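Q: For reference, the structure I am asking about is given below.
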Amino acid sequence: MTERKPVFNPQTVTSKKKVAKKGQSKNKGVALFQRKKKPDPSTRTIRFAPRTAQSVVSFMFFSFFLVMCVVVLMTFGRVDTLSRIAMSKQVNKEELVTNVNNALKDTEQLRYEGMKLADRLFTISHKDNGKKYWEEQLAPFLATGLNPNDLGFSTTSVDRIARNVRFIKMDTIDEKEALYRLYYDVRFTEGDTWQQVQVILPVSYEGQEMKLIDRPSFTNLATTEEKNTSIYQENRFTPKGSDVKDEEKNKVTEFTQRFFELYVSNDEKLALITNVQGLGRAELVNVEPKQVLKINNGNYYVQGVYTFAFDERNPLTSNFMLEIKPTKESYYVTKMNGE
């Protein structure tokens with residue numbers, strides 16, 4: 001029996017290598033696949049802005065905050081300063097009211113004194129003794145050095161008499177020196193002739209005493225342009241209400257008649273049907289109710305005209321508005337002409 005010799009089979013070696021290469025390639029593929037795998041997504045829910053934008057927003061916020069702090073400090077500082085000043089110079093309310101009232105009184109007194117001066121300027125007799133009396137009446141109103149005969153009013157051939165003096169306006173020349181211009185409209189007669197002028201009186205007022213400091217001057221003030229374009233409306237002040245039945249309307253009208261009979265004479269029985277004060281010593285001519293309404297509060301509104309006279313030869317006519325409240329037995333006037 002012959003011994004077998006080992007035989008080299010190249011196919012066997014090749015197949016092993018191929019298996020090994022296949023294994024290596026498979027591992028390489030797995031490794032390559034694992035390297036290319038995407039990272040796990042972040043679980044954060046808040047996204048931060050880029051640093052540049054964050055810096056700008058922060059800078060703007062803190063700048064605004066600082067500016068507001070400065071404004072608040074300045075405001076409170078100013079208020080505190082004003083409060084200290086107010087406390088240090090606290091105004092006495094009673095003293096302030098007294099000063100205002102005194103100023104108003106002085107103004108009214110000045111206007112009145114100017115009216116008296118205008119009246120005396122335009123009231124002079126053409127007789128010699130009349131001129132002397134005129135000068136005596138003017139003397140207390142004239143500043144030192146001003147002569148009555150230099151005013152331009154002393155020459156007249158007939159009696160000049162002031163009939164009506166009306167105040168127009170006052171201009172301030174110098175507040176510290178208390179110098180003013182007073183404007184008056186004067187109606188006067190020269191003999192049997194009526195005249196009308198507007199005169200300016202330059203005056204000084206001090207210590208509740210007025211002095212004419214210069215010659216009066218005449219003027220003719222321009223008529224001001226009409227700015228009030230209001231028109232007459234008969235029912236302007238009529239409240240909202242409903243019509244009244246004829247029977248009730250007649251009762252209200254009869255009561256209105258009795259009311260005015262008592263009202264114009266101010267009869268003592270008037271107090272039984274109203275708290276309104278009557279006219280007194282007059283007689284009723286007639287009453288004409290033009291409108292009777294029942295208003296929201298249950299009262300009656302009566303509007304119309306009535307005629308009365310202190311002397312029967314000289315009657316006067318007036319509008320009226322009554323608010324009448326019904327009572328158990330009659331009626332009661334709660335308001336007349338809105339009062």
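Q: What is the range 98-219's relative contact order, in percent, from Cα pairs under 8 angstrom and six or more apart in sequence? Show your work: numbers first, answer last.
A: Working: 211 pairs, mean separation 27.9, N = 122.
So the answer I get is 23 percent.
Q: May I ask you to derive the FRET efficiency for residue 209 and residue 236 from their Cβ-Cβ distance with R0 = 35 Å, giving the value to the nearest 0.05?
A: On the way: r = 47 Å, r/R0 = 1.35.
The computed FRET efficiency comes out at 0.15.
Q: Okay, next question. Would you pull out the residues with amide H under 5 Å of residue 168's amide H, same chain only if 5 or more places away, H placed 1.01 Å from N?
A: Correct list: 183, 184, 185.
Q: With +1 on the Cβ of every Lys and Arg and -1 on the Cβ of every Asp and Glu, and nothing else charged, how large is the dipole of the range 183-238 about its Cα centre, in debye rounded to the nearest 20?
A: On the way: 5 positive and 9 negative charges, 23 e Å.
Dipole magnitude for the range 183-238 comes out near 120 debye.
Q: Compare the peptides 296-305, 258-267 by average per-residue count of other Cβ atoms within 10 angstrom and give them in order, highest first.
A: On the way: 296-305: 16.7, 258-267: 19.5.
With the highest mean Cβ count within 10 Å placed first, the list reads 258-267, 296-305.
Q: If you take the charge dipole of the range 98-219 about its Cα centre, with +1 on Lys and Arg Cβ and -1 on Asp and Glu Cβ, which of 151, 121, 191 is farthest toward its positive end?
A: 191
Q: Work out from phi, with θ = phi - 60° and the Karplus expression 6.51 cos²θ - 1.76 cosθ + 1.60, the ³J(HN,Hα) of each residue of the range 267-278, listed in order in whole Hz, and give x for Gly and Pro.
A: Per residue, the Karplus-derived 3J(HN,Hα) values read 5, 5, 6, 4, 5, 6, 10, 5, 9, 7, 7, x Hz.
Q: Calculate one ³J(HN,Hα) per residue across the range 111-127 by plugging θ = phi - 60° into the Karplus curve 6.51 cos²θ - 1.76 cosθ + 1.60, and present them in order as whole Hz with x for glycine and proline.
A: 4, 5, 5, x, 5, 5, 5, 4, 4, 6, 4, 9, 10, 8, 8, 7, 7
Q: Also, quick follow-up: For the range 98-219, take every pair of Cα atoms, bin their distances at 5 Å starting from 0, and report each bin as a whole percent.
A: Spelled out per bin, shortest first, that is 2, 11, 21, 23, 19, 12, 6, 3, 1, 0.
Q: Taking amide hydrogens as modeled 1.01 Å from N in the peptide plane, which residues meet the under 5 Å criterion relative to residue 321, leaving out close sequence neighbours?
A: Under 5 Å from the amide H of residue 321: 337.
Q: Got a sec to turn the phi values of the range 225-231 into Karplus ³J(HN,Hα) couplings, 6.51 cos²θ - 1.76 cosθ + 1.60 with θ = phi - 60°, whole Hz, x for Gly and Pro?
A: With the stated coefficients, the range 225-231 comes to 5, 5, 10, 8, 10, 5, 10 Hz.
Bear in mind these aren't lab numbers, they're just calculated from the coordinates by the rules spelled out. Remember, it's a predicted structure, so these values are computed and weren't measured experimentally. Glycine gets a Cβ as well: all are built from the backbone with ideal geometry, and neighbour counts include every protein chain shown.
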